[in-house]
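Visitor: Have a look at the structure that comes next, please.
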Amino acid sequence: AERSMETGVQSVIDYNALIEREAAAFFEAAARYLKPEDVQLLRQAFEVSREAHEGQTRKSGEPYITHPLAVATILAELGMTASTLAAALLHDTVEDTEYSLDLLRADFGDEIAHETEEREDVERLAQQLAHARQRLQPRHDPLRQRAVARPAGGIGVHVRVLEGRVRTARSTAAGHGP
């Protein structure tokens, strides 16, 4: 139960119902253009991610699964591939849980494991760039030059990173924190 500081009214947030509604919206968006077997793969990825993130919460108090689910929903609305959507659902499991990249590869194959791994590399590089930018002039930023010179791993990786940041920014702007 949460109590509003302004009104003193206590409200109960049913996070399971929230997750079920968000998951239904995601699967509905994906089913509009993906084959049934692709949607089934996404259901498996969602369940693995949900189980791996069980007990983890965001600063807002929401269960952590709401973040990858929101990112995947945005990407589904953009018509991204099933492998990109699965990687979006799984994008923090390898980094933030005990679910390993080897296990992800065994469960979902090389393509989704590769997209997930690339996303982590792009995110790490983006964080390094942001940190270095504080200290260096942009035209002399060696990390920026490496990022420009680095071969692109596929638009899905870059879009997932961007969508994750959009989600975090929206959440922060709403006062919920990342």
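Rule-based calculations on the coordinates, nothing more; no lab input. Keep in mind that this is a model prediction, so the values were computed, not measured. Neighbour counts run over all protein chains shown; Cβ positions are idealised from the backbone, glycine included.
Visitor: For a label point 7 angstrom out from the Cα of Leu103 toward its Cβ, which stretches of segment 44-61 have the backbone nitrogen within less than 19 Å?
Guide: Once the point is set 7 Å along Cα→Cβ of Leu103, 44-57 turn out to lie under 19 Å by backbone N, inside segment 44-61.
Visitor: Same structure, new question: Run a plain Debye calculation on segment 30-86 (Cα atoms as equal point scatterers, no solvent) and give log10 I(q)/I(0) at q = 0.15 Å⁻¹, rounded to two decimals, same order as the q list.
Guide: Results for segment 30-86 at q = 0.15 Å⁻¹ read -0.44.
Visitor: Can you give the FRET efficiency to the nearest 0.05 for Tyr15 and Asp110, using r as the Cβ-Cβ distance and R₀ = 35 Å?
Guide: That pair, Tyr15 with Asp110, gives E of 0.55.
Visitor: Next question. Out of residues 5 or more away from Thr81 or on other chains, whose amide H comes under 5 Å of its own, with H placed 1.01 Å from N in the peptide plane?
Guide: Here the answer is none, since no amide H 5 or more places off falls under 5 Å of that of Thr81.
Visitor: Highest mean first, what order results for 22-32, 83-93 on Cβ atoms within 10 Å?
Guide: Descending mean neighbour count gives 83-93, 22-32.
Visitor: While we're here: Starting from the amide H of Thr57, placed 1.01 Å from N in the peptide plane, find each other amide H under 5 Å away whose residue is 5 or more places distant or on another chain.
Guide: Hits under the 5 Å cutoff: Tyr64.
Visitor: Hand me the trypsin sites (Lys or Arg not before Pro) from segment 42-85 located in a DSSP loop with no more than 14 other Cβ atoms within 10 Å, in residue order please. Could you put the intermediate results ahead of the total?
Guide: Details: sites: Arg43, Arg50, Arg58, Lys59; in loops: Arg58, Lys59.
Sites meeting the loop and neighbour criteria: Lys59.
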